[in-house]
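Enquirer: Structure provided below as structure tokens; questions to follow.
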Amino acid sequence: MTATAPSPYQVDAHGYYGPFGGAYVPEMLYPNVEELRDNYLRITQDPEFQREFQQLLTDYVGRPTPLFLAKRLSAEYNTTIYLKREDLCHTGAHKINNTIGQILVAKRLGKKRIVAETGAGQHGVATATVCALMGLECIVYMGEIDIERQKPNVDRMRMLGAKVVPAKSGSKTLKDATNEAMRHWISNPTDTHYIIGSVVGPHPYPDMVARFQSVISAETISQLLHQTGRATPDFMLACVGGGSNAAGAFYHYLDEPKVRLIAAEAAGQGIASGHSAATTALGKPGILHGASTILMQTEDGQVTEPYSISAGLDYPGIGPQHAQLFATGRAEFLSITDKQALDAAFQLSRLEGIIPALETGHALACLPLIGAKKDDVVVVCLSGRGDKDLATYTKHLEEYA
Amino acid sequence: MNRLTELFQRKTADVLNVYFTAGFPQLNDTVSILQALQEAGADLVEIGMPYSDPVADGETIQRSNQQALENGMTVAKLFEQLQGIREQGITVPILLMGYLNPVVQFGVEKFCQRCQATGVDGVILPDLPLEVYERQYRPLFAQYGLKVVFLVTPQTSAARVRQLDALADGFIYLVAAAGTTGAQTDMNADVDAYLSRTKALGLQNPTLVGFGISDAASFAAASRHTTGAIIGSAFIRLLQQTPAERQPLAIKEFVHSIRA
């Protein structure tokens, strides 16, 4: 873990990961992004910040989350599988690691109001939660279509005191909710902080969010060492929409080439079906939401609408760090269909008594594909719990009877 | 000489720049709208290249972008439409405005070549960072005779304004108030102070004010401390509301009403 040279997988002094990253924002956002860029390291590395952050992660979020040896699942695949239980975090997913960190940054920047985007509503709930905790006004943009299909999370946000604003532009889903949140920030440049929910957006967001999520791999190292006598697994598996849980799960293993990093993308109904969110399989380099990255787009450079059964993976791009991990071959990207994800989610429920989120089902579905041997150690980042997906699971109960 | 440069040498006050989205309301309206704006007396015209995710734009221009894309507008299509306009009597300076991704996908050098070949005088790419322009694209834009416009907002620091002014060679686009295009900007004392503060910096480029300029009063107020102003959303609304056969006349009346 001692890096003598700068890692090719970490952000450089200019905000790039190789050719990816940067801050492609209109001038209206420049002062906001500059303020964050110039202050995020100073703020987050301050001992008092770290003390408050760690204490909230422990007492409020419930960290460290367990690293669980899944014996029956291991037997099924004839290998050794550990589950990093981010589903046990307060609010039910890893998302809160980031929102806790960012709200502490926002407070130190003197901001009065928080704006956020959300797709499935998990990041929206995690944001509304920390806003309630800190007493800040919270506005969450959510695609009009997502509001209809994720009603329980909309109600949770409202119960927490947040204002949920429907994004009615474009395709009325996550990409447009992100656009609307950025427009809100443009219109309220001085008193508002934008809590982006993933490792996307202009520099320094991808790096800042990855740092907050890096607690996942930091804990995995010590837990794995304690349980197996070794700090590094042979495989680390995580799903990637924008890619925040994967960024956290990979973080401390990026420069450990023996750890195979496996990123599960949503293939939807199949890569060639026209209903997919498999960004690296279908996308090309370009610019999305303020960063140079890989995104799904038309020949003319218009962003195309992704599809996945899982609203959290329903995003046309990936974070710039993931684009670099893909381009350099450091991480392997596997495309997982809706069906494969459902199979894996039902399998985990029946074998281990854990109902995972549909997003996480994509990571679990990689298990039969990676060729893990008997003595290999495989860690799956169990990014979220499946309560929010119960309506979808219920529709398929008969198939798995 | 570049038509934009020539314009600002000739005219240093009350310059009217009108924006419209290519391919809106109908796919093939581009040249006829250009023609009508020229005849009506617009000093320069900014043609928007539609984009799926225009974050700096408010609802009116977002909707025109979406409609234009549904109509089939692309960067390649726009250059086809602009082919030969300079031979057909269009003399008004033309800027292309758009987001970076479609330009990058088209190919930046090819884009510059096509601009030069069709007689485009300059570009506004709001999400092209100054630093990337300087490092990667500046010589290319210069090689093809394209002038570059940068945006400045009330939150832009004086040091940053000077940096932007040093690299711009078309004009400086002063965003009147924090917000997206089409926001109702009240031309109040704050805006006036910001415009006069910017004037006091003594910039090398002409300055045009945009965002929320919609009529004669806001045009006059915006032009008091600057070289002129830009009208976008209000013009898009006019195009939206006007039946096709009345379009040329309505454009003429609109421009005259701003000048009144």
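Enquirer: How big is Rg to Rh over the stretch A:299-401, alpha-carbon atoms, Rh as the Kirkwood inverse-mean-distance radius?
Expert: On the way: Rg = 15.4 Å, Rh = 15.3 Å.
Result for the stretch A:299-401 is an Rg/Rh of 1.01.
Enquirer: With the contact rule set at Cα under 8 Å and sequence spacing of 6 or more, what percent relative contact order holds for the stretch A:27-90? Don't jump to the answer; show the numbers that get you there.
Expert: Working: 40 pairs, mean separation 15.8, N = 64.
That works out to 25 percent.
Enquirer: What FRET efficiency would be calculated for the residue pair B:Glu134, A:Ala272, taking the C-beta separation as r and a Förster radius of 51 Å, to the nearest 0.05?
Expert: Numbers: r = 42 Å, r/R0 = 0.81.
Taking R0 as 51 Å, the efficiency between B:Glu134 and A:Ala272 is 0.80.
Enquirer: Which Cys residues of the protein assembly as shown have no other Cys Cβ less than 4.7 Å away and so no disulfide-compatible partner by this rule?
Expert: A:Cys89, A:Cys239, A:Cys366, A:Cys381, B:Cys112, B:Cys115
Enquirer: Spin-label point model (7 Å from Cα, Cβ direction): what's the B:Ala244 to A:Glu52 distance in nm?
Expert: If labels sit at B:Ala244 and A:Glu52, their model points lie 6.1 nm apart.
Enquirer: When the label point is put 7 Å from the Cα of B:Ala216 along its Cα-to-beta-carbon vector, which residues of the stretch B:15-49 have a backbone N closer than 14 Å?
Expert: Output list for this probe position: empty.
Enquirer: What percentages make up the Cα-Cα pair-distance distribution of chain B when the bins are 10 Å wide from 0?
Expert: 7, 33, 40, 18, 2
Enquirer: Here is a follow-up. When the dipole is taken about the Cα centre of the stretch B:30-150, and only Lys, Arg (+1) and Asp, Glu (-1) are charged at their Cβ, what size is it in debye, to the nearest 20? Before the final figure, lay out each step's value.
Expert: Working: 8 positive and 14 negative charges, 69 e Å.
Using only the charged Cβ atoms, the result is roughly 340 debye.
Enquirer: Still on this model: Using 13 Å as the cut-off for backbone N distance, which residues of the stretch A:204-232 belong to the label zone defined by a point 7 Å from the Cα of A:Leu69 along Cα→Cβ?
Expert: Only A:224-230 fall inside the zone, counting backbone N under 13 Å.
Enquirer: Something else about it: For the stretch A:341-401, run through the trypsin sites (Lys or Arg not before Pro) and keep only the ones in DSSP coil with at most 16 other Cβ atoms within 10 Å of their Cβ.
Expert: Values: sites: A:Arg350, A:Lys373, A:Lys374, A:Arg385, A:Lys388, A:Lys395; in loops: A:Lys373, A:Lys374.
Answer by residue number: A:Lys373, A:Lys374.
Enquirer: In Å³ and rounded to a whole number, note down the convex hull volume per residue for the Cα atoms of the stretch A:177-304.
Expert: Value for the stretch A:177-304: 132 Å³ per residue.
Enquirer: Which residues in the stretch A:347-369 have a backbone N closer than 14 Å to a point placed 7 Å from the Cα of A:His396 along the Cα-to-Cβ line?
Expert: Of the residues in the stretch A:347-369, A:347-350, A:355-366 have backbone N under 14 Å from the label point off A:His396.
Enquirer: Follow-up. Could you list B:Cys115, A:Cys131, A:Cys239 in order of exposure, starting from the residue whose Cβ has the fewest other Cβ atoms within 10 Å?
Expert: B:Cys115, A:Cys131, A:Cys239
Enquirer: Moving on to the next point. Would you mind computing, in nm to one decimal, how far apart the modelled labels at A:Arg42 and B:Arg224 are, each placed 7 Å from Cα along Cα→Cβ?
Expert: It works out to 3.8 nm between the two label points.
Enquirer: At q = 0.09, 0.14, 0.15, 0.22 Å⁻¹, what log₁₀ I(q)/I(0) does a Debye calculation on the Cα points of the stretch A:105-206 give, no solvent, two decimals?
Expert: So the normalised log intensities are -0.18, -0.46, -0.52, -1.14.
Enquirer: Let me ask you something else. My understanding is that a pair violates if its Cα-Cα distance is over 29 Å; which of A:Lys111/A:Lys175; A:Lys95/A:Lys373; A:Lys71/A:Lys258; A:Lys71/A:Lys284 do that in this structure? Write down the numbers at each step before the final one.
Expert: Details: A:Lys111/A:Lys175 25 Å; A:Lys95/A:Lys373 32 Å; A:Lys71/A:Lys258 24 Å; A:Lys71/A:Lys284 40 Å.
The answer is A:Lys95/A:Lys373; A:Lys71/A:Lys284.
Enquirer: Here is a further query. Please name whichever of B:Leu34, B:Met49, B:Thr74 sits farthest to the positive end of the charge dipole of the stretch B:23-77, dipole taken about the Cα centre and charges placed at Cβ: Lys and Arg +1, Asp and Glu -1.
Expert: The listed residue farthest towards the positive side: B:Thr74.
Enquirer: Same structure, new question: For the stretch B:75-155, what is the Kirkwood hydrodynamic radius in Å, using each pair of distinct C-alpha atoms?
Expert: On the way: mean 1/r = 0.0754 Å⁻¹.
Across the stretch B:75-155, the inverse of the average 1/r is 13.3 Å.
Enquirer: What relative contact order, as a whole-number percentage, does chain A give when Cα pairs under 8 Å and 6 or more residues apart are counted?
Expert: Once normalised by length, the contact order is 20 percent.
Enquirer: Where does the Debye-calculated log10 I(q)/I(0) of the protein assembly as shown sit at q = 0.11 Å⁻¹, using only Cα point scatterers of equal weight, no solvent?
Expert: Debye curve over Cα of the protein assembly as shown, log10 I(q)/I(0) at q = 0.11 Å⁻¹: -1.05.
Enquirer: Follow-up. Given a Förster distance of 60 angstrom, what is the FRET efficiency for A:Lys374 paired with B:Glu109, based on the Cβ-Cβ distance and rounded to 0.05? Working shown, then result.
Expert: Numbers: r = 55 Å, r/R0 = 0.91.
Step by step, r from the Cβ atoms, then E = 0.65.
Enquirer: Name the lysines eligible as straight-distance cross-link partners of A:Lys168: C-alpha to C-alpha under 18 Å, and not fewer than 8 places from it in the same chain.
Expert: Leaving aside lysines fewer than 8 places away in the same chain, those within reach of A:Lys168 are A:Lys151.
Enquirer: At B:Asn28 and B:Asp192, where each label point lies 7 Å from the Cα along Cα→Cβ, what is the point-to-point distance in nanometres?
Expert: Distance between the two pseudo-spin positions: 4.9 nm.
Enquirer: Would you grab the residues whose amide H sits under 5 Å from the one on A:Val377? Only those 5+ places off in sequence or on another chain, please, with H modelled 1.01 Å from N.
Expert: A:Asp234, A:Phe235
Enquirer: Would you mind getting the Kirkwood hydrodynamic radius of the stretch B:1-137 from its Cα pairs, rounded to one decimal in Å?
Expert: Values: mean 1/r = 0.0649 Å⁻¹.
Roughly 15.4 Å, rounded to one decimal.
Enquirer: Give the residue list of trypsin sites (Lys or Arg not before Pro) in the stretch A:19-120 that are DSSP loop and have at most 16 other beta-carbon atoms within 10 angstrom.
Expert: Working: sites: A:Arg37, A:Arg42, A:Arg51, A:Lys71, A:Arg72, A:Lys84, A:Arg85, A:Lys95, A:Lys107, A:Arg108, A:Lys111, A:Lys112, A:Arg113; in loops: A:Arg85, A:Lys111, A:Lys112.
Hits after loop and neighbour filter: A:Lys112.
No value in this document is a laboratory result; all are computed from the given coordinates. These numbers were taken from a predicted model, which means no experiment stands behind them. Positions of Cβ are backbone-derived with ideal geometry, glycine not excepted, and every protein chain shown enters the neighbour counts.
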